[in-house]
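Structure first, commentary second.
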Amino acid sequence: MEVRSENSIQVRSDKFPSTVIPRTRLQVWFFRVCSSILLWTCLVHIVAVAELWHPRLLTGFTSRISWITRPPLRLQHSLHSPPPLVPSRYYRSNGFLKVSCNGGLNQMRAAICDMVTVARLLNLTLVVPELDKKSFWADPSDFEDIFDVRHFIDSLRDEVRIVRRLPKRFSSKYGFEAFQMPPVSWSNEKYYLEQILPLFSKHKVVHFNRTDTRLANNGIPLALQKLRCRVNFQGLKFTPQIETLGHKLVRILQEKGPFVALHLRYEMDMLAFSGCTHGCTVEEAEELKRLRFVMFEADRYAYPWWREKEIVSEERRQQGLCPLTPEEATLVLQALGFTKETQIYIASGEIYGSERRLAPLRAAFPRIVKKETLLDPAELQQFQNHSSQMAALDFMVTLASNTFIPTYDGNMAKVVEGHRRYLGFKKSILPDRKKLVELLDLHQNGTLPWNDFALAVRQAHEKRMGQPFHRRIIPDKPKEEDYFYANPQECLCEGTGCEDVLDPGKSRKVTMTAGEQL
């Protein structure tokens, strides 16, 4: 026979008339643990139900619970958690803006900044931009393959509402077709308010199928100019995969000392685009001409003059409209005082003519490196055949370099120049190609001795090293005026001292003398 009491177990038998066995400590702890688990389970369910009905009611309490119950690994990561989200901007949306960016990485980057600004001006909801997949480069990358889409949306939520895709009711599956158009290039605030905004009342969704240079450089309200900068310098963050590998590249280079980032734009597409064949063989010149036709077919609406116009290479070179050849870049670097000890990172794709054309540059500067030589092939494999993702790696390295030198003033050169200004006017030597071609020809035909050539090159670039200056404005000639993203002066300083900073006569002097490497 067995009799149970609350705190003991009493057993009676013939052999043992009366024995009381007290509970062990293990049993007591087991009871307490089970009770605690039951209580916590009930509490979690109560909180979950409360959150469904009143999401903000228990915010502080639930955050404490999640902190307590978080596994150790999550606890470690939480120490590096992102800052709290900025409050959303609440506004009545006038419609959805869908955009398809065209061009290479940096042309699309600037366009994205412009489109966010247009969406803010018109109180629109912006759909995450589509990236160019039809151009000569045929890069299949989507926005989220290059940029951190979550950061893009969250970091700008106090300015504009951004969604990943259109609502289903506006999809082609339901028979809806968005109104498509390319905005007029270099348009100001008035154009978008008076001619574009009314379109949303009628169509609800407007699709800008071209976005390059669709917002003016100048004459834009200060708040909108600053928003363009905010998107560019803060909102557009590369994916963790790109950032991790980019930082590794920078770390490898910096461990070996200061370095120059040379954007050697002597690539097949640029030579075909510009019609520049200086230094090429007859066969190479013909190949570039055929490629130019292919590029026209791929993007005939952007460059309608390509097919018919006959380009005279030497004329363009004399006008300073051709990228420097590797041989010309070698002489310019030597004239600027760079030596064999200088570490040079080549920020570009495949050089036309490959190692044969790079030989003079490599002979003069043995410490030439590229991402392909610094990283294991397996590390770059995920980015192969994705030109924009590869360009993103180069972009990160050029920003971190001690000196940046572009051999052509294309989109990357301009965007990097402006970003380096934003980072504190880091040294960027911007070649005056028209002047350099004149000096190079005089030196190579024996008219101008080396010492005179080197001195003339340095003097020509004393004021072309990324110093502060006002953006040049040319009324009615936006193509010829200074590009906003190369010199976003509205974002480079605050307060009453800005005029002193941007005044060319008062700006700090940055010079390079013979023998100064960086």
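Quick check: at a probe of 1.4 Å, how many percent of the accessible area of segment 96-237 sits on carbon and sulfur atoms? Accessible surface attributable to carbon and sulfur in segment 96-237 totals 50 percent. Note on segment 325-475: with neighbouring protein chains present and a 1.4 Å probe, carbon and sulfur make up 52 percent of its accessible heavy-atom surface. Solvent-accessible area of Lys256, all protein chains in place: 110 Å² (probe radius 1.4 Å, heavy atoms, ligands and nucleic acids excluded). Once you order the gyration tensor axes a ≥ b ≥ c over the Cα atoms, which shape class does segment 147-192 get: rounded for a/c under 1.5, otherwise prolate or oblate by comparing a/b with b/c? Since a/c reaches 1.5 but b/c is at least a/b, the shape of segment 147-192 is classed as oblate.
For the set Asp432, Asp114, Asp409, the ranking by accessible area, highest first and with no ligand, DNA or RNA atoms included, is Asp409, Asp432, Asp114 under a 1.4 Å probe. Within the shell defined by Cβ-Cβ distances under 12 Å, the residues around Val205 carry a net charge of +4, with Lys and Arg each +1 and Asp and Glu each -1. With a Förster radius of 41 Å applied to the beta-carbon distance between Glu243 and Ala223, the computed FRET efficiency rounds to 0.90.
Here the extension length gained between Arg164 and Glu462 equals 102.6 nm, from 0.36 nm per residue of separation less the Cα-Cα distance. Working note: Karplus 6.51/-1.76/1.60 with θ = phi - 60° gives segment 434-439 the couplings 4, 5, 5, 4, 4, 5 Hz, where Gly and Pro are set to x. Put a dot 7 Å past the Cα of Lys479, heading toward its Cβ, do the same for Lys134, and the two dots end up 2.3 nm apart.
Other residues with beta-carbon under 12 Å from the beta-carbon of Phe238 carry, at +1 per Lys or Arg and -1 per Asp or Glu, a net charge of -3.
Around the amide H of Val163, modelled in the peptide plane, lie the amide H atoms of Leu126, Val127, Val128, all under 5 Å away and 5 or more residues distant in sequence or on another chain. Counting only protein chain heavy atoms and rolling a 1.4 Å probe, the accessible areas of Val416, Val369 rank, largest first, as Val369, Val416.
Can you tell me the accessible area per residue over segment 96-237, all protein chains present, probe 1.4 angstrom, in square angstrom?
42 Å²
Report the relative contact order of segment 96-237, percent, no decimals, based on alpha-carbon pairs under 8 angstrom and at least 6 residues apart. Rounded, it is 37 percent for segment 96-237. With all protein chains kept in place, the per residue accessible area of segment 357-420 amounts to 34 square angstrom at a probe of 1.4 angstrom.
The convex hull around the C-alpha trace of segment 160-304, projected and averaged over every direction, spans 14.8 square nanometres. By the gyration tensor of its Cα atoms, with a ≥ b ≥ c the square roots of the eigenvalues, what is the shape of segment 349-499: rounded for a/c under 1.5, prolate for a/b over b/c, or oblate? Note, shape of segment 349-499 comes out oblate.
Once the Cβ-Cβ distance between Arg150 and Ser171 is put in as r, and R0 is 25 Å, what FRET efficiency do you end up with, to the nearest 0.05?
Plugging the Cβ-Cβ distance into 1/(1 + (r/R0)^6) gives 0.65.
With a simple spin-label model that places each label point 7 Å from the Cα along the Cα-to-Cβ direction, the separation between Phe233 and Arg362 comes to 3.9 nm. For the set Glu314, Glu481, the ranking by accessible area, highest first and with no ligand, DNA or RNA atoms included, is Glu314, Glu481 under a 1.4 Å probe. Taking Lys and Arg as +1 and Asp and Glu as -1, the other residues whose beta-carbon sits under 13 Å from that of Phe395 total +2. Length gained on full extension, Leu39 to Gln180: 44.9 nm, using 0.36 nm per residue less the C-alpha separation.
For segment 96-237, the gyration tensor built on C-alpha atoms gives a rounded shape. Its axis ratio a/c (a ≥ b ≥ c) stays under 1.5.
The values are calculated or read from the model by the stated rules, or taken from the named source; none is laboratory data. Note that the coordinates shown come from a computational prediction; the quantities given were computed from them, not determined experimentally. Neighbour counts run over all protein chains shown; Cβ positions are idealised from the backbone, glycine included. Note: accessible area is taken over every heavy atom of the protein model, side chains too, but ligands, DNA and RNA are not part of it. Shrake-Rupley method; radii C 1.70, N 1.55, O 1.52, S 1.80 Å.
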